[in-house]
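Worksheet: the structure to be examined is printed underneath.
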Amino acid sequence: MNDAHRAILAVWRIEQPRLITSLARMLRDVPLAEDLTQEALLAALEHWPVSGIPDKPGAWLMATAKRKALDHLRRGKMLARKHAQVAHELEQHEQIVPDLDSALDDDIGDEMLRLIFTACHPRLARESRAALALRMICGLTTAEIARAFLVPEPTIAQRITRAKRTLSESGLAYETPRGPELPERLSSVLEVVYLIFNEGYTAARGDDLLRHELCDEALRMARALTAVAPHEPEAHGLLALMELHAARAAARTDAAGDPVLLADQDRSLWDQLQIRRGLQALARADELAGGAGFYVLQAAIIACHARAAAYADTNWPHIASLYGHLMTLSPSPVIELNRAVAVGMAEGPEAALSIVERLTQEPALRRYHLLFSVRGDLLQKLGRLAEARADFQAAARLTANRREQDLLERRASSCITLPSATAATGS
Amino acid sequence: MRVMYLVKSNHPGPPSPELGAAIAKLTEREVKAGRLLDQGGLMPISMGAEIRIADGKLSLIDGPFVEAKEVVGGFAVFELRDKEEAIAMANEFMQLHRDLMPGWYGTCEVRFFATPPHNPAKHP
């Protein structure tokens, strides 16, 4: 892609949500609206390098997309009544000269929300939802999505095609869900956004920079979601969680790209603007009824770290109690393991060890390297070095991440039993 | 990448109501798109002050006595994908001025935040 193309793509991306939502509203067909939005981009890529970018690119793109919608409907031999009616509406639209402010006049908030709910519909396959959301909400190209997910381009293209076909064939209503359907639909949206974020955040493979952009896309999506659906505490909670996580991005790895543990991170590298935004989103979630949900509680935990100027200032008792709430809400051995870590920091290794010992009975954690590394850490603090060493070695064997493996092996070799080293490191 | 826009002008007077309304709409759209992080208009420099160092000496110049060439009248902080997107945004913003406040003149400076080395800007 050359510079001129990149500039056109940038303009199109700014206009893309309004194009797709306007067309979807007129055509009552989201996949078709998406196709036409892409066609408008192709038209711009064809004309603008010659003519230059017009003064009102939004109006140009909208007029072009509407014209293509009309062409499409006319081409169809069998114009159903619905189509005839839509074509009539479009013809009327076409006669109105696109005026320069109209681009900003429509409030697309509700339309945007409908689009988000459609792209993340629970009936679509999980990985399709993420691809479709990135395409329809963020305006990413198939090639960009493929690069970010480290998947061949045809695979992503196929996922998108299949998802769009499902949308077309299932006749899913293009509307904002209400009533009892809403919580399930919203949780599907939040799950997709968080999946996209985590794909970027936990990037262990590939071009880190590119994958990091997935975090930005997820953040933009969550900010958009909270702006158009301001009364959903979990949406604010997820936004807070991601802002607070992303705020630490610069401190999470060292110059060589090795992971830096939270305890050792240089907190001056944390992004304070982003932390402020995260804390604001969390406060907003707390103000709303039905506050303490899955994402809100996790955000509250990260917020404890964000508020601590130094690792030693961390409010561990509060974190332990938040993990307790999370366990009640959504019991899982991994959350219990995290609670054990917090209890260990708040009350000492002995209390934590009894929780971890109970967890060793959990089948789900039998091969979970963090269980062993946490227990190793507690045992090391209690001065039981031989057992600690064995746990670190087990953890190193169980992880697939080479950098983590190195770290665990280093910790294993630090557990050398000397006759005099019987005293626990009290710190 | 994080971008700061600085709008500079010494055009006297506040924006026209039409321009003000259009900027408000643009602002709302950008908030809903998840791109706009922060923005604000600034009071005239005559109400503020300048603290300057010249010849190693610190001096205070009270607002009314500041020699105003182009002064910053407003700023905005965005989170954007790349330099192209940053320029497209600024173009749209300035086009609104051109359309809705004829005679206005000024500059929109597009500046990228310095980022830590682990998260470098794509097209600095």
Breaking point among (1) farther than 20 Å from A:H121 by Cα; (2) in contact (Cβ under 8 Å) with a residue 40 or more places away in the chain; (3) surrounded by fewer than 19 Cβ atoms within 10 Å (Cβ to Cβ), for A:A256
(2)
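Could you check how many residues of segment A:190-210 are within 14 Å of chain B (Cβ to nearest Cβ) and modelled with pLDDT of 90 or more?
Start the filter on segment A:190-210 by keeping residues that are within 14 Å of chain B (Cβ to nearest Cβ), which leaves A:193, A:196-197, A:200-201, A:203, A:207-210.
Of the ones still in play, those that are also modelled with pLDDT of 90 or more are A:193, A:196-197.
Number satisfying all stated conditions: 3.
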Every residue from segment A:29-56 that is surrounded by 14 or more Cβ atoms within 10 Å (Cβ to Cβ), of a type in the set (A, V, I, L, M) and either touching a Pro at 6+ places or on another chain (Cβ under 9 Å) or part of a helix (DSSP H, G or I) (or both)
A:V30, A:L32, A:A33, A:L36, A:A40, A:L41, A:A43, A:A44, A:L45
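Kindly establish whether A:A227 is over 23 Å from A:P17 (Cα atoms), touching a residue at least 12 places away in the same chain (Cβ under 8 Å) and in a helix (DSSP H, G or I).
Taking the combined requirement at face value, the residue does not satisfy it.
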Quick check: is even one residue across segment B:82-101 of a type in the set (F, W, Y), in a helix (DSSP H, G or I) and closer than 30 Å to B:A49 by Cα?
yes
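Checking the structure you have, find out if any residue of segment B:91-103 is away from chain A (no Cβ under 14 Å) and exposed (fewer than 14 other Cβ atoms within 10 Å of the Cβ). Break it down into steps so the answer makes sense when it comes.
Applying the first criterion (away from chain A (no Cβ under 14 Å)) to segment B:91-103 yields B:103.
Of the ones still in play, those that are also exposed (fewer than 14 other Cβ atoms within 10 Å of the Cβ) are B:103.
Looking through segment B:91-103, at least one residue is away from chain A (no Cβ under 14 Å) and exposed (fewer than 14 other Cβ atoms within 10 Å of the Cβ).
If you go through segment A:148-168 one residue at a time, do you hit one that is over 16 Å from the mean Cα position of the chain (by Cα) and acidic (D, E)?
In the first step, residues of segment A:148-168 are kept if they are over 16 Å from the mean Cα position of the chain (by Cα); the result is A:150-168.
With acidic (D, E) added as a condition, the list becomes A:153.
So far as segment A:148-168 goes, yes, one or more of its residues are over 16 Å from the mean Cα position of the chain (by Cα) and acidic (D, E).
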Take A:E213 and decide whether it is crowded, with 19+ Cβ neighbours inside 10 Å, acidic (D, E) and modelled with pLDDT of 90 or more.
no
Single unsatisfied condition, A:I156 versus (1) over 13 Å from A:V30 (Cα atoms); (2) crowded, with 17+ Cβ neighbours inside 10 Å; (3) in contact (Cβ under 8 Å) with a residue 40 or more places away in the chain:
(3)
Got at least one residue in segment A:127-149 being part of a helix (DSSP H, G or I), free of Cβ contacts under 8 Å to residues at least 40 places away in the same chain and basic (K, R)?
no
Report, by residue number, each residue of segment B:28-78 that is assigned to a loop (DSSP other than H, G, I, E, B), touching a Leu at 6+ places or on another chain (Cβ under 9 Å) and either within 13 Å of another protein chain (Cβ to nearest Cβ) or of a type in the set (F, W, Y) (or both).
B:G34, B:R35
Could you list, in sequence order, all residues of segment A:293-312 that are within 17 Å of A:S332 (Cα to Cα) and of a type in the set (G, A, S)?
A:G293
Single residue of segment B:1-27 satisfying the filter (over 15 Å from the mean Cα position of the chain (by Cα) and over 18 Å from B:A90 (Cβ atoms)) that is farthest from the other protein chains (Cβ to nearest Cβ):
B:P12
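Which members of segment A:255-277 meet the condition of being basic (K, R) and more than 11 Å from chain B (Cβ to nearest Cβ)?
Taking segment A:255-277 first, the residues basic (K, R) are A:267, A:276-277.
Result: A:R267, single match.
One line per residue, one yes/no per condition, for (1) more than 27 Å from A:A312 (Cβ to Cβ); (2) free of Cβ contacts under 8 Å to residues at least 40 places away in the same chain:
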residue: A:L353; (1), (2): no, yes
residue: A:R358; (1), (2): yes, yes
residue: A:F372; (1), (2): no, yes
residue: A:D391; (1), (2): no, yes
residue: A:L407; (1), (2): no, no
Counted residues, segment B:10-38 - those being under 23 Å from B:K83 (Cβ atoms) and surrounded by fewer than 17 Cβ atoms within 10 Å (Cβ to Cβ)
2
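Suppose the filter is more than 10 Å from chain B (Cβ to nearest Cβ) and surrounded by 16 or more Cβ atoms within 10 Å (Cβ to Cβ); does A:A251 pass it? If you could, list the steps in order and put the result at the bottom.
Details: more than 10 Å from chain B (Cβ to nearest Cβ): no; surrounded by 16 or more Cβ atoms within 10 Å (Cβ to Cβ): yes.
Here the answer is no, as A:A251 does not meet what is asked.
Residue-by-condition table, conditions (1) charged (D, E, K, R); (2) outside the structural domain of A:G237 (by TED's automatic domain parsing); (3) within 22 Å of A:L238 (Cα to Cα):
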| site | (1), (2), (3) |
| --- | --- |
| A:R135 | yes, yes, yes |
| A:C138 | no, yes, yes |
| A:T142 | no, yes, no |
| A:V151 | no, yes, no |
| A:T155 | no, yes, no |
| A:Q158 | no, yes, no |
| A:R162 | yes, yes, no |
| A:L186 | no, yes, yes |
| A:G200 | no, yes, yes |
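For A:E184, are the conditions met, namely being more than 14 Å from chain B (Cβ to nearest Cβ), part of a helix (DSSP H, G or I) and under 27 Å from B:K32 (Cα atoms)? Even if it seems obvious, please write down each step before you answer.
Values: more than 14 Å from chain B (Cβ to nearest Cβ): yes; part of a helix (DSSP H, G or I): yes; under 27 Å from B:K32 (Cα atoms): yes.
Taking the combined requirement at face value, the residue satisfies it.
One line per residue, one yes/no per condition, for (1) within 25 Å of B:M89 (Cα to Cα); (2) of a type outside the set (V, I, T); (3) within 11 Å of another protein chain (Cβ to nearest Cβ); (4) touching a residue at least 12 places away in the same chain (Cβ under 8 Å):
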residue: A:M1; (1), (2), (3), (4): yes, yes, yes, no
residue: A:H5; (1), (2), (3), (4): yes, yes, yes, yes
residue: A:E15; (1), (2), (3), (4): yes, yes, yes, yes
residue: A:L42; (1), (2), (3), (4): yes, yes, no, no
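Just the residues that are facing chain B (nearest Cβ under 10 Å) and either under 13 Å from A:D286 (Cα atoms) or within 10 Å of the chain's Cα centre (by Cα) (or both), please, taken from segment A:219-243. I'd like the intermediate steps shown before the answer.
Restricting attention to segment A:219-243, the residues satisfying the condition of being facing chain B (nearest Cβ under 10 Å) are A:219-228, A:239.
A:L219, A:R220, A:M221, A:A222, A:L239 - these are the residues of segment A:219-243 that are facing chain B (nearest Cβ under 10 Å) and either under 13 Å from A:D286 (Cα atoms) or within 10 Å of the chain's Cα centre (by Cα) (or both).
The values are calculated or read from the model by the stated rules, or taken from the named source; none is laboratory data. In this text the structure is predicted, and so the values were computed from the model without any measurement. Neighbour counts are summed over all protein chains in view; Cβ atoms, including those assigned to glycine, are modelled from backbone coordinates with ideal geometry.
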